[in-house]
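Coordinate-derived values only; no laboratory data. Computed from a prediction, not measured in an experiment: that's the story for all the values here. FYI the Cβ positions are ideal-geometry reconstructions off the backbone, even for glycines, and counts take in every protein chain you see.
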Amino acid sequence: MKLTPLNITLAVVLLWVISEWQSGQEMLVSWGWLVVWIIVISLIDLGFRLVFEDLSRLWIMQVVFMLLVGILIILLKLQ
């Protein structure tokens, strides 16, 4: 399996959720939404892998995708 930015992001978020779960505090995200998020990110990663076979181009496109999604989320939160 190739290591991609979306895989790294998914691993970091899962590690964060597990660490929050172990601390006994209330979770910010429900388990249902977490499962939906994992499936969506996995499908997006699979789509990128099918479209871009070159690993360097795959990395660039996934980083650009994550930056655009992050900027969009910030803009939506500001409104």
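Considering each residue of the stretch 27-48 in turn, none proves to be over 16 Å from the mean Cα position of the chain (by Cα) and of a type in the set (D, E, K, R). I'm told LEU78 meets every condition in (1) surrounded by 10 or more Cβ atoms within 10 Å (Cβ to Cβ); (2) free of Cβ contacts under 8 Å to residues at least 24 places away in the same chain; (3) among the hydrophobic types (A, V, I, L, M, F, W, C) except one. Can you identify the failing condition by its number? Every listed condition holds for LEU78 apart from (1).
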